[in-house]
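Here's the structure, in structure tokens; my notes come after.
The values are calculated or read from the model by the stated rules, or taken from the named source; none is laboratory data. Model, not experiment: these values are computed from the prediction. Here the Cβ positions follow ideal geometry from the backbone for every residue, glycine too, while neighbour counts run over all protein chains shown. Ligands, DNA and RNA are stripped out before the accessible areas are found, and what is left, the full protein with its side chains, is counted by its heavy atoms. Shrake-Rupley method; radii C 1.70, N 1.55, O 1.52, S 1.80 Å.
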Amino acid sequence: MIVAKQKPLSELTAMLDGYRNVLAVGCGTCVTVCFAGGVKEVGILASALRMARRLDGQPMSVAETTVQRQCEAEYIAPLAEGLDEFDAILSLGCGVGVQTLAERFPDKRVLPALDTTFMGLPTEQGVWEERCQGCGHCVLDITGGICPVSRCAKQLMNGPCGGSQGGMCEVDSDTPCAWQLIWERLDRQGLADRLLEIQPPRDWSTSRDGGPRRIVRDDLRLPPPEDV
Amino acid sequence: MTAAETPFEPKIVAFCCRHCAYAAADLAGTSRLAYPPSLNIVELPCTGRVDVLELLRTFEDGVDGLLVAGCLPGRCHYLAGNLHARQRVDYAQRWLEDIGLEGERLRMINLSAAMGAQFAELATEMAETIKGLGPSPLGTRRAAGEIPSIGCAACGDPAPSLAESAHDRGDGR
Ligand code: SF4
Ligand code: SF4
């Protein structure tokens with residue numbers, strides 16, 4: 001899932017300075033299950049913003065709604081009706097949700113309420129950890145299902161580095177060394193010798209280094225209207 | 001006595017678990033122990049039912065103080081409801097401070113059903129704390145004029161806007 005956290009209230013009140021009538025829009029998918037932007041979090045944040053602004057002597061109305069999926073135009077289309085009365089939309093979606101709203105409603109101010117942080121999973125109730133950076137060329141087959149791109153601070157492909165100590169990463173003694181985990185996993189599977197094969201430098205053009213990425217599936221695209 | 005001289009009687013809501021604090025409040029009553037008359041008790045199946053959203057909305061609606069009263073640690077009938085409630089109260093207190101309200105307006109206490117006297121004592125103590133802080137600066141939502149003034153110009157009653165009714169419906173639209 002995409003994991004995000006709410007921005008501090010002080011940052012949001014500063015961002016919303018001058019606005020009087022705001023629509024807070026949550027998302028019912030990833031940010032609901034990481035407790036950052038679902039129905040309940042929209043309710044809590046909207047209530048907090050109304051109270052903070054009331055105490056500032058600048059009352060602000062904050063209406064609340066949550067769509068099932070903020071990152072697809074079809075799901076946010078119904079918001080168009082009644083949008084005129086709001087002077088801004090406060091999105092509690094991930095960064096993609098914010099941008100989907102901004103693309104669909106280009107005349108509206110669309111503001112982010114969350115800091116979108118990573119793709120990851122809950123490791124226990126109330127704790128989320130990063131597991132993937134969407135590098136565009138997955139190597140989990142080589143690394144025993146443990147991602148060195150998101151979990152090794154140096155994104156090494158032939159680890160561990162000399163800083164791996166007692167199973168922990170040198171950049172943070174609370175973070176397991178990804179390469180220690182990779183060695184242990186493959187050893188357990190009787191495949192540790194495969195790690196002796198040196199991996200060549202990665203081609204990072206599939207990742208962020210290649211600029212914004214795009215996937216096109218011709219089998220799924222709609223036929224051109226002139227052919228229909 | 002004029003209205004201006006009326007002593008401040010804080011509006012306090014107490015979310016009470018039925019297995020302990022609610023019974024303790026009852027016991028305080030039947031034992032004729034005084035506790036603040038302005039205490040509004042809401043019976044809950046367990047304080048684990050309390051959510052940050054309800055705590056904040058209760059303040060938004062204009063209470064001066066809020067008490068969450070659950071079982072003694074280790075005595076929750078649902079194992080850990082009172083411990084979850086404590087974490088949420090702590091979290092809601094941080095929200096209150098960020099908003100600009102005093103965190104002391106929200107407090108969690110733990111009691112057994114036999115602790116009627118302690119209930120009366122803690123409720124009185126809470127009322128004294130709130131009296132010291134004074135009325136909630138939020139007032140009520142309507143009095144604060146937060147609802148956009150598209151209402152009746154003659155009587156000044158602001159009719160709820162779409163935004164407000166959306167909020168009240170809880171579904172947004
Ligand atoms: S190797 Fe790349 S695609 Fe695979 S999990 Fe790691 S970051 Fe994600
Ligand atoms: S200690 Fe391990 S996880 Fe940390 S940078 Fe070195 S190899 Fe990567």
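For the criterion of being away from ligand 1 (no atom under 16 Å from the Cβ), away from chain B (no Cβ under 14 Å) and within 25 Å of A:L121 (Cα to Cα), A:R151 fails.
Tell me, yes or no, whether segment A:81-88 has at least one residue that is away from chain B (no Cβ under 14 Å) and not in a helix (DSSP H, G or I). Taking every residue of segment A:81-88 in turn, none turns out to be away from chain B (no Cβ under 14 Å) and not in a helix (DSSP H, G or I). Filtering B:G70, B:G62, B:G48 for residues that are within 22 Å of A:I44 (Cβ to Cβ) and either open to solvent by 70 Å² or more (accessible area, probe 1.4 Å) or assigned to a loop (DSSP other than H, G, I, E, B) (or both) leaves a single hit, B:G62. Against the conditions (1) within 16 Å of ligand 1 (Cβ to nearest atom); (2) closer than 29 Å to A:G93 by Cβ; (3) open to solvent by less than 60 Å² (accessible area, probe 1.4 Å), A:L140 satisfies every one except (3). If you go through segment A:22-40 and keep only what is under 25 Å from A:E81 (Cβ atoms), open to solvent by 20 Å² or more (accessible area, probe 1.4 Å) and touching a helix residue (DSSP H, G or I) at 6+ places or on another chain (Cβ under 8 Å), you end up with A:G28, A:T32, A:V39, A:K40.
Residues that are without any contact (Cβ under 8 Å) to a residue 24 or more places away in the chain, more than 12 Å from ligand 2 (Cβ to nearest atom) and among the aliphatic types (A, V, I, L, M) within segment A:140-164 comprise just one, A:L140.
Of all residues in segment A:173-198, those satisfying the criterion of being within 10 Å of ligand 2 (Cβ to nearest atom), under 20 Å from A:M119 (Cα atoms) and open to solvent by 20 Å² or more (accessible area, probe 1.4 Å) are A:T175, A:P176, A:L181.
Of all the listed residues (A:G166, A:G159), the sole one being more than 14 Å from the chain's Cα centre (by Cα), open to solvent by less than 50 Å² (accessible area, probe 1.4 Å) and over 24 Å from A:G211 (Cα atoms) is A:G159. Among residues of segment A:185-202 that are under 18 Å from A:L156 (Cβ atoms), those with a Cβ under 8 angstrom from a residue that is of a type outside the set (G, A, S) and open to solvent by 100 Å² or more (accessible area, probe 1.4 Å), sequence gap 6+ or separate chain, pair up as A:L186/A:R194; A:R202/A:H137.
Output the residues belonging to segment B:97-115 that are crowded, with 21+ Cβ neighbours inside 10 Å and assigned to a helix (DSSP H, G or I). Selection gives B:I99, B:R105. When B:V42 is tested against (1) within 14 Å of another protein chain (Cβ to nearest Cβ); (2) open to solvent by 10 Å² or more (accessible area, probe 1.4 Å), exactly one condition is not met: (1).
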